[in-house]
Structures are given as C-alpha cells and as structure tokens.
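Written below as structure tokens is the structure these notes are about.
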Protein chains: 2
Amino acid sequence: MRHPPSRKDTPLAEEPLRPTNPLVSPLLNDLYQLNMAYAYWRAGRQDDPAVFDLFFRRCPFQGEFALFAGLEEALRLLSSFRFDDEQIAYLRTILPHADPAFFDWAATMDCSKVRVSAMREGTMVFPREPLLRVEGPLAITQLLETPLLNLVNYATLVATNAARFRLAAGPDKTLLEFGLRRAQGPDGGVSASRYCYMAGWDATSNTLAGQLFDIPVAGTMAHSFISSFGGFEDLKDHTITGPDGTVHDFVELVLRCREELEFTATSDGELAAFVAFAQAFPNGFLALVDTYNTLNSGIPNFIVLAVVLTRLGFKPLGLRLDSGDLAYLSSRAREMLSDARPRTSVDLSRLKIAASNDINEDTLLALNQQSHEIDLYGIGTHLVTCQKQPALGGVYKLAEVRSEPCTKLSEIAERRALPGRKEVYRLILSSGLPFVDLMTRVEDDPPEAGKPVVCRDLFNELHRTEVTPAQVIRLHHLVWDGGLTDYGLPSLQETRAHVFRELRSMRSDHLRSLNPTPYKVSVSEQLYDFAHSLWLQQTPIARVR
Amino acid sequence: MRHPPSRKDTPLAEEPLRPTNPLVSPLLNDLYQLNMAYAYWRAGRQDDPAVFDLFFRRCPFQGEFALFAGLEEALRLLSSFRFDDEQIAYLRTILPHADPAFFDWAATMDCSKVRVSAMREGTMVFPREPLLRVEGPLAITQLLETPLLNLVNYATLVATNAARFRLAAGPDKTLLEFGLRRAQGPDGGVSASRYCYMAGWDATSNTLAGQLFDIPVAGTMAHSFISSFGGFEDLKDHTITGPDGTVHDFVELVLRCREELEFTATSDGELAAFVAFAQAFPNGFLALVDTYNTLNSGIPNFIVLAVVLTRLGFKPLGLRLDSGDLAYLSSRAREMLSDARPRTSVDLSRLKIAASNDINEDTLLALNQQSHEIDLYGIGTHLVTCQKQPALGGVYKLAEVRSEPCTKLSEIAERRALPGRKEVYRLILSSGLPFVDLMTRVEDDPPEAGKPVVCRDLFNELHRTEVTPAQVIRLHHLVWDGGLTDYGLPSLQETRAHVFRELRSMRSDHLRSLNPTPYKVSVSEQLYDFAHSLWLQQTPIARVR
C-alpha cells in the first residue's frame, strides 16, 4: 500500500507515480468531458494549445482565506493519466457512434505535453487566483477538468476547515482527527486525515492514513469496551507486571486504592474494564469516563487506576470526556485530579483531559469564552464533512486557446472569468505582512521590491492602490512540464511546515472566525484593461423592442 | 476494474469478494479499535460471543425516513476482512509494546465466525432499528465498527438525499447526478453516483461509476467548449453527412437558417461551437445555451441547429440552462421553441429543457410552486455532499456479550442503546399501509397477521397501541454466516426496484419535506420491560451530600 518515496524528475518512461486512491484515473470523469474531447478531435482541434485556470470564487465557511491542498494527488494523476484497455473498451460502449479512430487517439493520450504552474501546496489562497494554470493540448487539458477539481476541491476545503479549527482551539491544544466513521466514503476519511494533519493537526485515529502518509495515530477505547465488562469476574488475569519485572496483584491494589479514596459508588464493570485496558497499555493509559456517570463513577475510577499505575512506576496519560457540559466537566475533572494528591501523595494534576462529542469551530470558540481544562480535542464529523459548508465551489475555466484569450461571461460580475495567462504575486510590506496578491498577465513586467505598482480592484474602477512592496513573492511554480519538474514533490512534513509559516505570516484579522477582513486580491493595470475590454467586446448589446 | 458478477454462496475458500474501493481493508480503522482488540486479546476475551447493533438515532435532513444503503460494500468488506503482511508489519509499529503473539492472532483473524442479520439494502428505515446486527467474536466484531460505519453512514445519507430530491422533483422528471467535481474525494463521487441511481435517479455524469456499476451515463458540453470557438474560422470541416449518406454544407445551411429566422444578434463563436458539437453528435444534440446570453444568443442558436438537424433527418435532444431564473427562462425557452414552427414547419416544442446550477431540494420544491418547463435536472453539489446535513450519525453499539445484555447509558434518553438481540417487524394494516415497525427480543414470539400485539413507545410508558396487522414483514435477513448466505448479493437493479416499492409503500405524509409525520417505531412489551429494567439496574442512584 505504501507509496515509494517521492522522487524528483521522474520521467514518464519510468514507473509513473500513482494516485493514492486506485479509483483515480482518466475515467474518473464526467461524460461531457469525453464528449467534448471527441468533438474537439472530430473538429481536428484536439492539439490546439489551451490554457485553463483552476480557482474558486469565494472562500469557504464565510471566511477570508483558504489553504490550497491536493497538488500532490493532482501530480500523481498527471503522471498516470492514461486509459487502460478495459477503459477504452468501455469508452466505445458509451460513445457508440464515434469515429473508431478517436479511440486510437484516446488510447495514446497522456500528459507528456501538458505544463502546470501551481501554487505550492499549503499556501494561503484567495478568490480568483489560479491555484493551477494548466496548459497543453485542448482535448487533454479539457479531460483533466473533473479529476483535478475532484482532487483539489475537497482537499482545499478540509485543509481550510482544519486550519480554522486549529486557529479556534489555539496553538497549545492537541488536536486529534477522529472522522473516519462519518466521512463521505472511505476516501473522504483517508483524505481528511491527511489534509487535517497537513493543516496543523497532531494525529489521526485512522490507521490506514497513518500507514499511507506516515501520520501519527492516536486513540483510546470506546464505550463498548467498558460495557463489555460486567465486573471483576470478567478478568481472567488479576496481575500486572511492573516496569521492574515484579508481578503484582493489580486488582487487589486497585480495590484497596478505591477504598482508600472512599469511592463507594463507582461501577465495578467500568473499573474492571479500566484494569483490563491498563494491563494492555500500562503506559499512556487514557480512559473514557462517561459510560455510567462521569463524576460519580468514571473520573473516580480513573483516579484509582492512575494512582495505582503511578505508584507502580507507570505513566498514565489522562481521561476522555465524551458527553455533557465539557467546560464544566473538565474543570471538575481537573479539581478531582488535583484533590487526589493530599490523600495519595500522587500528583495527577497535570494529566491530560481530552474532550470529544460533536465539537465544531463554534464549540471551540465558545469553550474559550468559558473557563475549561481541556488539553486535547478529538474531533470527527464536523471537521471531516465540513458541516458548515461541505463543498468548495472550485471551477476550471478556459483562459486561452491558440493564444486567443477566452472568458466565461455572466450577468453576475463575480462569475466572470479572467482571460489569458496570469501570474500571481504576493506583495509584502516593510512590516513583513502580506498586503495584497496581485494578478498580472504573464507577459507584463513583474512587480519588483522597492518599486511602486498600481493595484486595481477588478470590479471597482475607482479603487486603485499604489503599493511599494518590500518583498515580492511569485506564487506560481512550474510543477509539471510533461513530467515532474525540479520542483519535485514536497513531503507532507515540508508542506505542513509551510502551512504553519503561512498562517503565521498573515494578519490575524484575515483569519478570525467572526467578520474577518477580506485580504485584497488585485489585478495589474494591464490585466484590468485586458479583461474589461474583452468582456465588453464579447457581450452583445441587449436589444429591446 | 469491473467486478465479476455477484455470485451466491461464495465460500471463503474461493476468491473473496473485494470492496469497490481498494482502500477498504481492516486497516481502514480507528486506532482505538485495534487498542481494544489487543486489550480483549490480552484479557483472553477475543472470542467472547458478542452482538453489536448498527443504527442511527435521527433521520437525516429533518425528515422522517432514511433509505438503508451500503450493505453490498459491507458484505464485500466482511468477505475480504484480513490484514495483509504489510499491514501486520505496520500494526507492530503502532502497537510497539504489545505481546508479539497478538500479531499472530491478527494475521489469522477473519469473518468466518461472524454472522450478520441486516435490513435489505434499499429498505426504508427508521431511528433505533438495527440496520445490521453483527454477531461473533468480540475482538473481530469490535474491529468491524469503523469500516462498517464508514461504508453505511454516507451510503445511507446520500441515498436518502437522492430519494428526497426525487420526491421533490416528481416521478416524471429525468434526474442526472453531476456531483463528481464537488464530491468529498474520488470515492465520495463514485459512491454518490451509485447510491443516487439506487435511490431512483436516471443517470450519472461519472464514467467510472458507469463502468463499475453499469449505470447509464449522461452529459453534454461545458462553457469552455463554447468559448473555445471564436467563430466559423475555427471549423476546419464545414460539412455534415446526413443519415442517408448525403454530404451537406452544414455551415451554409446553419447560416441560411439563422437568416431565415432573423436571429441577428447571436454569437458566431457559440454557433460555430454548436456546429462542431452537432458534427460529432448529430443525434441527441443537447446544447448549453447560457455562455453569452441565454435569450438573445443561446436559445436562438440552438433553435437554428435543431431546425437544420431535424430537416436533415436527425433528432436533436434539447437545451440546457445553467444560470439565471430557471422557471422564467425555461418557460421562455418553451415559447421560443414552439414559435419556431410557424416559420420553419419544424416542431421543436417537445424538445427537452434541462436545468442545472446549484439546485437543491428546496429549489426543486420552489420551482414546482412556480410554473416551469424543465424536463430534466442535472444536480451535483447539494446532492452528493448532502449540504443540508453532510453526515449521518450512525452508531455501532454493543448489545450483548457472552449472552449478557449490554447497553450504553446516557443522561439523554434518546442516546440510550437497546440491550440484547432484537428483531424488527413491519406491521402492515389491512389498507396495505405500513403502520409501525415493532422491535422485539429475538426470543419473543414474533407478531402474526391477524393477531393483536401491543406496541409500546420506548420513552413514553403511557403510550401503548394494540395493533392487529393484516401482514407482518420480518425486516432482518441473515446475509452473512461466515460467508455469503442464500440471501446472496442482490443486483443494483434489484435494489433500485426495491427502493421504488418502498417509496410507494409509505404514506406520503411520512415522506414530505415540510413537517413530515414521524413513522412509528415501537418495542414489544417484553423488550420495553427488559430495556428499562437493565437501564435502572445499571444507573447508580445519584448521591448528593
């Protein structure tokens, strides 16, 4: 299952990189792309040089930023973008009236003549910026639309969501992604684990994602484990072997400790389950405490185990709350952990308190308003399915064909597409903060540090800003030129580090959850004039009679 | 890629059925399941007979029904549920302190001792009903939790969503699923296509789903196709060959027809694109008409093509609206199509009008309130990501271990789990309508047609209904008994037919979108008493000092 380590400059002749999900192929596509490819081929236009931009029009979650993700999988797609024989046979059945010679073309098409300029994965991106600029033969670049959108849309969405949860939780909390069971299919789960980790989470519960991407995995126990133990009669073995090799009667130590602490109302079944779990995992013991009654049974039973394990020389980790008022219960749990010391001489006050149970970004923000003692969050459903907005509206628009600019018109200005090949530059002020992303035409002079440049608002002709950047970052990299380029495939760890830098680099008001300030995306004078004159030229005057 | 046709009684010794997505394996799991499996094994309890129920607590989308889906993939999972060597090696790295003998157990575990009773896929299901009752060795049935939930939750969610959209659109509309580009990962797209078709949709745009599941595929063209044509100079070939083999100057015919119809303001680029598309697909021509201007350019250009194609002996299909007010534009389009007849003697009035553009269940209901002329909907984002509620909260709870009933307690009554092995019966009245689903203990006498039976509300002790059913349907089937049973694997078509029957069988007030009537799910007297006495017994009296 595990992929071979990424390598630079893999020529197409060598074993191609494969998409993580074997379902990804040129056939993971919309029929209309194949229809269009055939119509282009039929018209002799399949090799016309074309340029497509992949971008989104609005940041997700009513926010003002997104984190670009999905590039590595996009490159794996390009690298293996060929129909196999069985797929060609299937194409013949769904295009029964097509000229048979088309299938000869389809059987040999690949991405050896495609060039892709892209943002670095993990870069903070904004509306209308081309995340990928795809150049190459018209029919092939058209066929790339659906699989590229599929691979980028959800990846970018969930990475952005994960970054928002991280910002809401704060940098010192441990964040564990637990979404697999509620994700939209197996791949939804595996992708979510990967992109949440990329966006600054600490670990996942998903062991397949752990294996595939070398992500730390985490997890403890479920309620079923607790309820499967009726009492101590379910424990065949009562012993535990200490770190020094001494064998102890664990159950006796536990029962004696419970008496010592005067916990008389705790569930025997739960305590027996804790004993069994501690026998299996004496170090790093973390217990779920809400199966019967959090305050009267779960936390007291956990304290008993934590005291006994500590006395034996092990290091318990903490407890997990999975229901109720998490702020209140975590505070009470912290008090109860601290209260154990005077009676037992064991300091449990710094053990971890973990919380789960349908947590979302708003819950995290609300918890911060209250006082709570949670160290670690386990979050699933809302994180991975992006409940606030489960789809990113990324689109893929033709910008140029045979060197002629193209556009998608719309009555709604926001929906018009920018024609031509474009570059994107991030202009950094002397404060070190990014101020604006400037889109230019590829042929324009790039902005330079120390030189004033006029940045125009695409839809407000009066809004012009002259910016003198202290630094200019060109955001596009040539990532594919018939094969992987020198850019290579950055590792997940490198991309994760890039995300941390990106998040630190931005003014916090762009990132906040409530009423964030839009980050400015402008166009150069030349691009402004170019786009508006093309739009005017292509929009017929409405005639009213 | 294509699976071998389903076969009954495949013994485990033969080639096992494989999950559609090769990522699905026992490692597609939460780490805590592996932790628990190890702790059970460590305690010598791995083979304790256990019973788990998979169910949900609330119907999605604020509705009052769900369509159960995901069973075939669940059975494919069971059939291939084994760790491979590489996975075992990975397990050793994430459970570094585990007794090495555990991995010998893990390397040999499979589902040959597991039994599963399940609802038929495509059955209408309701809160608390076990969709699957999984029985077998404790550690293995525990390991099944996460992958089963992953395979059933989204499948059931999206099938239910698709059925709701179908109910909203009405039975006579053609519904095409277009969601791949916005789906949550490749598998989200492929699963959505399959389960939407299962739930009564007509086709998908997704060619991989078409290939894998033999689903009809559909699609036309994108805006990029239109905008890639600047004018007639982009057409190398001006001819078309008629059905009788005669070669015509297609462009001349088209231009002459445009003059004849006095369409003077239409885009040449768009018209040239339509010509190219019609050359490739002269029959079934369907054109996207909103690239430049729907009423002034797109529809007139389509009419020109439709008239010329019809005169040549081809059958054009229709037009697609992708922006603007769909009710108004579809009505205007119908008028314009009808108006062509007096001038051209060609009847276009019955051509299909397709609509797309961010349609959801509410849009469909709103369109029905207005007058519109849409025959066919293409729907993506809202359908496949289930925007109204992107996750089903299905859970998997231990109901029995070593013949002792288990439960999950909660302060919230709705969250308590029903103990013991349960059957579910659908009681049909003499009217032919289902009235209540009755859950009983497996050992209770089953309800019988013509015999009164008392149905109790689980959380309202005063609410008792004596029902004399005209017919009783046992909803659970033994679908797995160490291997596939006689139940076999129904085909997608059979399941789709079952869905149609199910939807027709229910009172429409349970199915409607606004304020639907809850369908009753009751428990037998015995199950009521059994559950309540266990809950009482296991809930400690809260002590206040």
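The values are calculated or read from the model by the stated rules, or taken from the named source; none is laboratory data. Note that the coordinates shown come from a computational prediction; the quantities given were computed from them, not determined experimentally. Virtual Cβ from ideal backbone geometry, glycine too; neighbours counted across all protein chains shown. Ligands, DNA and RNA are stripped out before the accessible areas are found, and what is left, the full protein with its side chains, is counted by its heavy atoms. Shrake-Rupley method; radii C 1.70, N 1.55, O 1.52, S 1.80 Å.
The set of residues from the stretch A:75-94 being within 12 Å of chain B (Cβ to nearest Cβ) and in contact (Cβ under 8 Å) with a residue 40 or more places away in the chain comprises A:ARG76, A:LEU77, A:PHE83, A:ASP84, A:GLN87, A:TYR90, A:LEU91, A:ILE94. Screening the stretch A:234-243 for residues that are touching a residue at least 12 places away in the same chain (Cβ under 8 Å) and out of contact with any strand residue (DSSP E or B) (no Cβ under 8 Å at 6 or more places or on another chain) and picking the one that is surrounded by the fewest Cβ atoms within 10 Å (Cβ to Cβ) gives A:PRO243.
Can you find a residue that is over 29 Å from B:GLY380 (Cα atoms), in contact (Cβ under 8 Å) with a residue 12 or more places away in the chain and either among the aromatic types (Phe, Trp, Tyr) or surrounded by 23 or more Cβ atoms within 10 Å (Cβ to Cβ) (or both) anywhere in the stretch A:381-403? Among the residues of the stretch A:381-403, not one is over 29 Å from B:GLY380 (Cα atoms), in contact (Cβ under 8 Å) with a residue 12 or more places away in the chain and either among the aromatic types (Phe, Trp, Tyr) or surrounded by 23 or more Cβ atoms within 10 Å (Cβ to Cβ) (or both), which makes the answer no. Filtering A:GLU411, A:GLU373 for residues that are within 14 Å of chain B (Cβ to nearest Cβ), among the charged types (D, E, K, R) and open to solvent by 30 Å² or more (accessible area, probe 1.4 Å) leaves a single hit, A:GLU411.
Residues in the stretch B:338-370 that are open to solvent by less than 40 Å² (accessible area, probe 1.4 Å) and either part of a strand (DSSP E or B) or closer than 30 Å to B:ASP30 by Cα (or both): B:ILE353, B:ALA354, B:ALA355.
As a summary of the residue check, A:ILE353 satisfies the conditions (1) in contact (Cβ under 8 Å) with a residue 60 or more places away in the chain; (2) closer than 30 Å to A:GLU262 by Cα except for the one numbered (1).
Here A:PRO419 passes the criteria (1) farther than 30 Å from A:HIS223 by Cβ; (2) open to solvent by less than 50 Å² (accessible area, probe 1.4 Å); (3) part of a loop (DSSP other than H, G, I, E, B); (4) more than 14 Å from chain B (Cβ to nearest Cβ) except the one numbered (4). Residues in the stretch B:120-167 that are open to solvent by less than 10 Å² (accessible area, probe 1.4 Å) and closer than 13 Å to B:GLY63 by Cβ: B:MET124, B:VAL125, B:PHE126, B:THR156, B:LEU157, B:ALA159, B:THR160, B:ASN161, B:ALA162, B:ALA163, B:ARG164, B:PHE165. Of all the listed residues (B:LEU71, B:LEU77, B:LEU67, B:LEU91), the sole one being more than 30 Å from B:LEU492 (Cα to Cα) and open to solvent by less than 10 Å² (accessible area, probe 1.4 Å) is B:LEU91.
Which is at pLDDT below 95 and of a type in the set (Val, Ile, Thr), of A:THR220, A:THR207, A:THR174?
Being at pLDDT below 95 and of a type in the set (Val, Ile, Thr) holds for just one of A:THR220, A:THR207, A:THR174, which is A:THR220.
I'd like to verify a number: residues in the stretch A:179-197 that are part of a helix (DSSP H, G or I) and facing chain B (nearest Cβ under 9 Å), how many?
Counting residues in the stretch A:179-197 that are part of a helix (DSSP H, G or I) and facing chain B (nearest Cβ under 9 Å) gives 11.
Could you tell me whether any residue of the stretch B:423-430 is among the charged types (D, E, K, R), within 12 Å of another protein chain (Cβ to nearest Cβ), in contact (Cβ under 8 Å) with a residue 24 or more places away in the chain and on the phi < 0 side of the Ramachandran plot? No, the stretch B:423-430 has no match at all. Within the stretch B:215-231, can one find any residue that is open to solvent by 50 Å² or more (accessible area, probe 1.4 Å), without any contact (Cβ under 8 Å) to a residue 24 or more places away in the chain and closer than 17 Å to B:THR310 by Cβ? No, the conditions are met nowhere in the stretch B:215-231. Taken together, A:GLY170, A:GLY200, A:GLY210 contain a single residue that is within 7 Å of chain B (Cβ to nearest Cβ) and either closer than 25 Å to A:TYR292 by Cα or not hydrophobic (A, V, I, L, M, F, W, C) (or both), which is A:GLY210. Can you spot a residue in the stretch B:464-471 that is touching an Asp or Glu at 6+ places or on another chain (Cβ under 9 Å) and surrounded by fewer than 19 Cβ atoms within 10 Å (Cβ to Cβ)? Checked against the condition, which is being touching an Asp or Glu at 6+ places or on another chain (Cβ under 9 Å) and surrounded by fewer than 19 Cβ atoms within 10 Å (Cβ to Cβ), the stretch B:464-471 yields at least one hit. Within the stretch A:129-138, can one find any residue that is under 30 Å from A:LEU176 (Cα atoms) and in contact with a strand residue (DSSP E or B) (Cβ under 7 Å, 6 or more places away or on another chain)? Yes, that holds for at least one residue.
When restricted to residues that are at pLDDT below 95 and on the phi > 0 side of the Ramachandran plot, the stretch B:317-344 contains 1.
Residue pairs whose Cβ atoms lie under 7 Å apart, separated by 6 or more positions or on different chains, with the first residue in the stretch A:251-264 and in contact (Cβ under 8 Å) with a residue 40 or more places away in the chain and charged (D, E, K, R) and the second open to solvent by less than 30 Å² (accessible area, probe 1.4 Å) and part of a loop (DSSP other than H, G, I, E, B), are A:ARG258/A:THR266. Summed over the stretch B:95-119, residues that are buried (at least 19 other Cβ atoms within 10 Å of the Cβ) and away from every other protein chain (no Cβ under 13 Å) total 7.
On the stretch given as the stretch B:261-283, residues that are more than 9 Å from every other protein chain (Cβ to nearest Cβ) and surrounded by fewer than 23 Cβ atoms within 10 Å (Cβ to Cβ) total 4.
Kindly establish whether B:LEU295 is crowded, with 19+ Cβ neighbours inside 10 Å and within 14 Å of chain A (Cβ to nearest Cβ). Taking the combined requirement at face value, the residue does not satisfy it. Of all residues being more than 9 Å from every other protein chain (Cβ to nearest Cβ) and in a helix (DSSP H, G or I) in the stretch B:16-64, which is surrounded by the most Cβ atoms within 10 Å (Cβ to Cβ)? Just the residue, please. The selected residue is B:ALA37.
Of the candidates A:VAL453, A:VAL442, the single residue that is at pLDDT 95 or above, of a type in the set (A, V, I, L, M, F, W, C) and farther than 25 Å from A:GLY122 by Cβ is A:VAL453.
Select from the stretch A:507-538 the residues that are farther than 19 Å from A:VAL467 by Cβ, open to solvent by 30 Å² or more (accessible area, probe 1.4 Å) and aliphatic (A, V, I, L, M) and list them in ascending order. Steps first, answer last, please.
Filtering the stretch A:507-538 for residues farther than 19 Å from A:VAL467 by Cβ gives A:508, A:511-516, A:530-538.
Those left that are additionally open to solvent by 30 Å² or more (accessible area, probe 1.4 Å): A:508, A:512-515, A:530, A:532-533, A:536-538.
A:LEU514, A:LEU536 - these are the residues of the stretch A:507-538 that are farther than 19 Å from A:VAL467 by Cβ, open to solvent by 30 Å² or more (accessible area, probe 1.4 Å) and aliphatic (A, V, I, L, M).
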